[in-house]
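> Here you go, one structure.
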Amino acid sequence: MTHSDAPLDAVFAHIDSRSDSFVTRLMDYVRHPSISAQNIGIREVSALLVEILTGLGMEAGEVATSGHPMVLGRRGNDPSKPTVLLYGHYDVQPPEPLELWDSPPFEPEIRDGRIWARGVGDNKGQHFAQILAIESHLAVHGDLPCNVIFLLEGEEEIGSPHIAEFVRTHCDWLRADLVVTADGPLHASGRPLITFGVRGMVGFELRAKTANSDAHSGNFGGVMPNAIWKLVHLLSTMKKPDGTIKIEGLHDPIIPPTDNEREAAANLPLDLPEFLKTAGMAELDAPLDRPFYDRLMFYPTLTINGLHGGYSGPGSKTVLPAEAVAKCDIRLVEAMTPEQALACVTAHVARHAPDVEVVPMGGMLPSKTPMDEPFADALIAAVKRAHGITPLLYPVVGGSLPDYVFTKILGLPAFVIPYANADEANHAPNENLEIALFLKGIKTGAALLAALGDRPLPTA
């Protein structure tokens, strides 16, 4: 890119001069609970966001869904400039167990250069950094380098059950050239990164019932089938000790990674001994010869989340369980779908244990943007400008976000640029965000807008 750095330098100077105020305002924001799973504070925080976005000169408002509202804002409609859709979510995880927090989850504190509070990393601190980046450009230059749409969801932490319906219904409002999400942690080394895709997922339960009630394991042992053993035997047909998933047809739709995706994964830094030590692991999961990042990006998984039945309390109870439930999930890679994966599971169960019930628990499509997408260069330059180092490039991350609504419904390239520290403890007690990274996040957001503004749209 050939452009003067002076306009962005002035924005960065403004951010530096307001850093204490920005931190204080973030702490004020995260004081407001917005727990989607418990329907606590959702309306209050969505209204607060509309007020904030309106204060930036955006056309902003709440948009009702069948669940919690979306917050939508827009500024700029210059057809000669790119339009970026900035996605985030204002809902947070429940804070329980409260006794494991070192300070109350909605009374933010600063300790050791970090803000400690529920939602500060996931995702309030990250989308608030985007808001402050817009504010900083406006304060210095009076306008934005590109057109901006803000979409803030109130149900991400409960699986985004209504976002697809919302996007399909309001696709005209969401016309953009690309989507950028600030969410998740930086690499464990502290390096910034850009993600081009996410795995999808589908959850399900396997329910076995072999009798009307639990029974004496002596009086009925050898006569009454054991519901837990029934599930154990079934599960053993689904995944072998060597790590091979044996669900027939599951892998059929998979599109293999491209050469540049494999190269990008191979180039990611890894200190495997340190990873194993930190996680308290003796070895990686089977198959042992599979490259580390390939496991997280290019292969589906089958996970037993929990296996329940019989008695697991203190002491001994010689009971023969009549009912058992296994909760499971499968992480999906391109171009698998929750429906296809669940159909394969259902057919497998019908062949191996026809009296076991399969109960769907919801799912999410995978998403992937090509690594040679033209907007990627602008994003790489922006992250490098803010951090002073070239970002790592992730073809896919192991977790799931609703990026599919952008890539598969709107047909847009979608990227994730995390702002939080690798040990942010999102979803856990003592969630935190490094203040230095929050401020770099604001600068990254500002640099992103500038880089996109310097990239003219192709003429027809």
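> Only one residue in 54, 24 is among the β-branched types (Val, Ile, Thr), closer than 21 Å to residue 420 by Cα and free of Cβ contacts under 8 Å to residues at least 60 places away in the same chain, so which one is that?
Details: 54 fails: closer than 21 Å to residue 420 by Cα.
Being among the β-branched types (Val, Ile, Thr), closer than 21 Å to residue 420 by Cα and free of Cβ contacts under 8 Å to residues at least 60 places away in the same chain holds for just one of 54, 24, which is 24.
> When you scan region 12-32, do you find a residue that is on the phi > 0 side of the Ramachandran plot and surrounded by fewer than 18 Cβ atoms within 10 Å (Cβ to Cβ), even just one?
Within region 12-32, not a single residue is on the phi > 0 side of the Ramachandran plot and surrounded by fewer than 18 Cβ atoms within 10 Å (Cβ to Cβ).
> Given 110, 115, which one is more than 23 Å from the chain's Cα centre (by Cα) and in a strand (DSSP E or B)?
Going through 110, 115 in turn, the sole match is 110.
> Could you go through region 35-54 and let me know if any residue there is modelled with pLDDT of 95 or more, of a type in the set (S, T, N, Q) and in a loop (DSSP other than H, G, I, E, B).
Yes, the conditions are met somewhere in region 35-54.
> Please find, within region 64-90, the residue that is surrounded by the most Cβ atoms within 10 Å (Cβ to Cβ) out of those that are in a strand (DSSP E or B) and of a type in the set (Ser, Thr, Tyr). Spell out how you get there, then give the answer.
Step one: filter region 64-90 for residues in a strand (DSSP E or B), giving 70-75, 83-89.
Narrowing the set further to residues that are of a type in the set (Ser, Thr, Tyr) leaves 83, 87.
Working: 83: 21, 87: 27.
For region 64-90, the residue satisfying everything is 87.
> Kindly provide the set of residues from region 181-219 that are without any contact (Cβ under 8 Å) to a residue 24 or more places away in the chain and part of a strand (DSSP E or B), ordered by number.
none
> Of the residues that sit in region 253-292 and are in contact with a Gly (Cβ under 9 Å, 6 or more places away or on another chain) and not aliphatic (A, V, I, L, M), which one is farthest from residue 331 (Cα to Cα)?
261
The values are calculated or read from the model by the stated rules, or taken from the named source; none is laboratory data. No experiment lies behind these values; they were computed from the predicted model shown. Here the Cβ is made from the backbone with ideal geometry for all residues, glycine too, and neighbour counts use every protein chain on show.
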